[in-house]
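Structure record follows, encoded as structure tokens.
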Amino acid sequence: MRARDLLCPKPGGLYCAPGDFFIDPVRQVKRALITHGHSDHARPGHGSVLATRETLDIMAIRCGEDFAGSTQAARFGETLTVNGVSVTFHPAGHVLGSAQIAVECGGIRIVASGDYKRQPDATCAAFVPIPCDVFITEATFGLPVFRHPPDTEEISRILTSARQFPERSHLIGAYALGKAQRVIRLLRDAGYHETIYIHGALAKLCEYYESRGVALGDLQPATVETGSKADFSGAIVVGTPSAFVDRWARRFPDPIACYASGWMRIRQRAKQLGVELPLIISDHADWDELTETITETGAGEVWVTHGREEALVRWCELSGISARPLHLVGYEDEGD
Ligand SMILES: [Zn+2]
């Protein structure tokens, strides 16, 4: 069997013909295997969904309990058979429950890594490199210019600013699934034990992370109904990036706009968004992590998807690894 007979790109997503399933389909399909809960990967309305327990729970929180006809939970490292094809979920280190999916049939192993990162993250299981014949990698930050500094350094910048401007509030934009919880956890690990105020859109997911053993400390709602401006003097507030442009953001005293994203490496992007304190904290692999991971898997062939594919394909070719872009459409990660 050739690799492309085992998995191939279709308009609906990555399709496994012998197993008759899709991985992270962008259209409604009969059988879906889902790597993680971000909305561009985990869409409602499939006949059946196979994913980790956490991803299934996150989908239920975000899309409603009836998000699929039926569900099955996959445990990390446990091999399941789907129509004669072996599938094994392994941690991807991206957000809680995020998985790479190893698909194996006819002596060929392909690993679809979904979104991943290699920086340590206390809010999810660490990425494990899986030896394979074909490695499918994302390329969100697939350019040598993207190098993420240690997240602890970025967090210490915010704490320094909070000490410097005790009367001002610090408003951190962070994606609701993964990034927000990671930022909160990093603040706690850096010794910040004050109440952290959160936008309502984060509440359920923060509660869920807590229920899975990720301690986030004292969180209080920062809703329009509660509190006056003075209450938030010196406070750290975490909200979704979209909340920045909302009436919601204007209630805080002299706020310092912070934004936690890999895109903050691009100063112009931070400026355009009106971000005063950019935090380069990403849930995606940077250039070094991408190239090191490709090498570690030992894959003879690499398929590159969603992002800046060309540079990574070129790097593989120069390293003697055959590579091609997959040109899958419909993925614009909500958790960069
Ligand atoms: Zn993602």
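The values are calculated or read from the model by the stated rules, or taken from the named source; none is laboratory data. Everything quoted here is computed from the prediction, not taken from an experiment. When we count neighbours, we look across all protein chains shown, and the Cβ atoms used for this are built from the backbone with ideal geometry, even at glycine. Quick note on the areas: whole protein, heavy atoms, side chains included, nothing else; ligands and nucleic acids left out. Shrake-Rupley method; radii C 1.70, N 1.55, O 1.52, S 1.80 Å.
Observations on the structure shown:
- Residue match in the range 165-172 (condition: open to solvent by 50 Å² or more (accessible area, probe 1.4 Å), in contact (Cβ under 8 Å) with a residue 12 or more places away in the chain and of a type in the set (Phe, Trp, Tyr)): yes
- Here the condition is being over 20 Å from Tyr331 (Cβ atoms), at pLDDT 95 or above and either among the hydroxyl-bearing types (Ser, Thr, Tyr) or within 17 Å of the chain's Cα centre (by Cα) (or both); of Asp5, Asp57, Asp24, it holds for Asp57 alone.
- Candidate set: the range 113-129, residues that are of a type in the set (D, E, K, R) and either within 11 Å of the chain's Cα centre (by Cα) or open to solvent by less than 40 Å² (accessible area, probe 1.4 Å) (or both); chosen: the one farthest from the ligand (Cβ to nearest atom): Asp121
- Subset of the range 305-328 [within 16 Å of the ligand (Cβ to nearest atom) and hydrophobic (A, V, I, L, M, F, W, C)]: Leu328
- In the set (1) open to solvent by less than 10 Å² (accessible area, probe 1.4 Å); (2) of a type in the set (A, V, I, L, M); (3) touching a strand residue (DSSP E or B) at 6+ places or on another chain (Cβ under 7 Å), the condition left unmet by Leu219 is number (1).
- At least 1 residues being among the small types (Gly, Ala, Ser) is the threshold, and among the strands (runs of 3 or more DSSP E) wholly inside the range 40-90 those reaching it are 46-51, 68-73.
- Verdict on Thr79 being open to solvent by 10 Å² or more (accessible area, probe 1.4 Å), under 22 Å from Glu296 (Cα atoms) and modelled with pLDDT of 95 or more: yes
- Selection within the range 98-112 - open to solvent by 10 Å² or more (accessible area, probe 1.4 Å) and assigned to a loop (DSSP other than H, G, I, E, B): Gly106, Gly107
- Within the range 238-254, the set of residues being crowded, with 19+ Cβ neighbours inside 10 Å and not in a helix (DSSP H, G or I) comprises Val238, Gly239, Thr240, Phe252.
- Qualifying positions in the range 284-320 - of a type in the set (A, V, I, L, M) and out of contact with any helix residue (DSSP H, G or I) (no Cβ under 7 Å at 6 or more places or on another chain): Ala299, Ala311, Val313, Leu318
- Scope the range 196-215; condition open to solvent by less than 40 Å² (accessible area, probe 1.4 Å) and either under 17 Å from Cys258 (Cβ atoms) or not in a helix (DSSP H, G or I) (or both); matching residues: Ile196, Ile198, His199, Leu202, Val214
- Hey, Ala68 under 19 Å from the mean Cα position of the chain (by Cα), modelled with pLDDT of 95 or more, open to solvent by less than 60 Å² (accessible area, probe 1.4 Å) and more than 16 Å from the ligand (Cβ to nearest atom) or not: no
- Residue match in the range 298-309 (condition: closer than 20 Å to Pro144 by Cβ, modelled with pLDDT of 95 or more and open to solvent by 20 Å² or more (accessible area, probe 1.4 Å)): no
- Options Lys179, Lys204: the member that is out of contact with any Lys or Arg (no Cβ under 7 Å at 6 or more places or on another chain), of a type in the set (Lys, Arg) and within 22 Å of His284 (Cβ to Cβ): Lys179
- Considering residues of the range 53-65 that are within 23 Å of Val111 (Cα to Cα) and surrounded by fewer than 24 Cβ atoms within 10 Å (Cβ to Cβ) only, the residue farthest from the ligand (Cβ to nearest atom): Arg53
- Residue selected from the range 171-181 under the condition closer than 19 Å to Ala257 by Cβ and within 19 Å of the chain's Cα centre (by Cα), by the criterion farthest from the ligand (Cβ to nearest atom): Ile172
- So Val29, is it in a loop (DSSP other than H, G, I, E, B) and over 26 Å from Arg118 (Cα atoms): yes
- Residue within the range 265-273 that is more than 16 Å from the ligand (Cβ to nearest atom), touching a residue at least 60 places away in the same chain (Cβ under 8 Å), in a strand (DSSP E or B) and open to solvent by 20 Å² or more (accessible area, probe 1.4 Å) present: no
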